[in-house]
1. Give, in nm to one decimal, the length gained when the segment between residue 208 and residue 184 is fully stretched (0.36 nm per residue of separation minus the Cα-Cα distance).
2. What angle do you read, to the nearest 10 degrees and between 0 and 90, between the alpha-carbon axis of helix 228-247 and the longest principal axis of the chain?
3. Can you sort 141, 113 from fewest to most other Cβ atoms within 10 Å of each residue's own Cβ?
4. Which percent, nearest 5, of DSSP beta bridges in the chain are antiparallel?
5. Over the chain, what is the relative contact order in percent, taking alpha-carbon pairs closer than 8 angstrom and at least six residues apart?
6. Which whole-number percent gives the relative contact order of segment 98-203, counting Cα pairs below 8 Å spaced six or more residues apart?
7. Quick check: Cα centre of segment 11-27 to Cα centre of segment 109-167, how many Å?
8. Residues in segment 51-82 near a label at residue 248, defined as backbone nitrogen under 17 Å from the 7 Å Cα→Cβ point?
């Protein structure tokens, strides 16, 4: 069964809505990913995870639709490297609200925003209250690499989870779009590490810093151990974690 919103007709989408389909709205960012990867990494990976998860949900007999990826997000911290787009917080809030209203007007009754960019995490959690109050349907938010962190960790050698342009992201790109990984630049693709993606966002004392002040290469982590085999396992783990959450019993409507 087709799950991509953009591949379905309006009539077919209405039928999916009437059948109680949940809508997955992938949100990401278009931004620098070190010297070795294209700027569309976050968009490509979150879309892949959503599509794979949707296939598992359909196999379990439940309807689901995957909306087009929101390709711009909050990436001010990457702008010093060039090649990146960023939105203001007010624009991002308005964009998500309008997209949510469009999904609602198409007849759908449940929305899950699936995030694939660390810089969106804090804002999405805060905006969930605004979206929930403004829309007449439940709105849930998840970041796929947080949801699947425990399952992804054993696959990785040099880091506990997804960082940036790192072993994890590079491996997943090698699995789905190897032509967008500049193999000749992999030797340069390393930088400082962190306990996990977004760790600094929850710090008791937070001060905004440009990514360029943290890593001269634009990489957080080390891509030199990346492989397509790891990438396939990471994507499978992420898709399974998301599908299991979508299929789990829910509290409330």
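1. 5.4 nm
2. 30
3. 141, 113
4. Within the chain, antiparallel bridges account for around 20 percent of the total.
5. Reported relative contact order: 24 percent.
6. 24
7. 21
8. Hits in segment 51-82 for residue 248 at 17 Å: 53-54, 57.
Where a number appears in this text, it was derived from the coordinates with a stated rule and is not lab data. Keep in mind that this is a model prediction, so the values were computed, not measured. Virtual Cβ from ideal backbone geometry, glycine too; neighbours counted across all protein chains shown.
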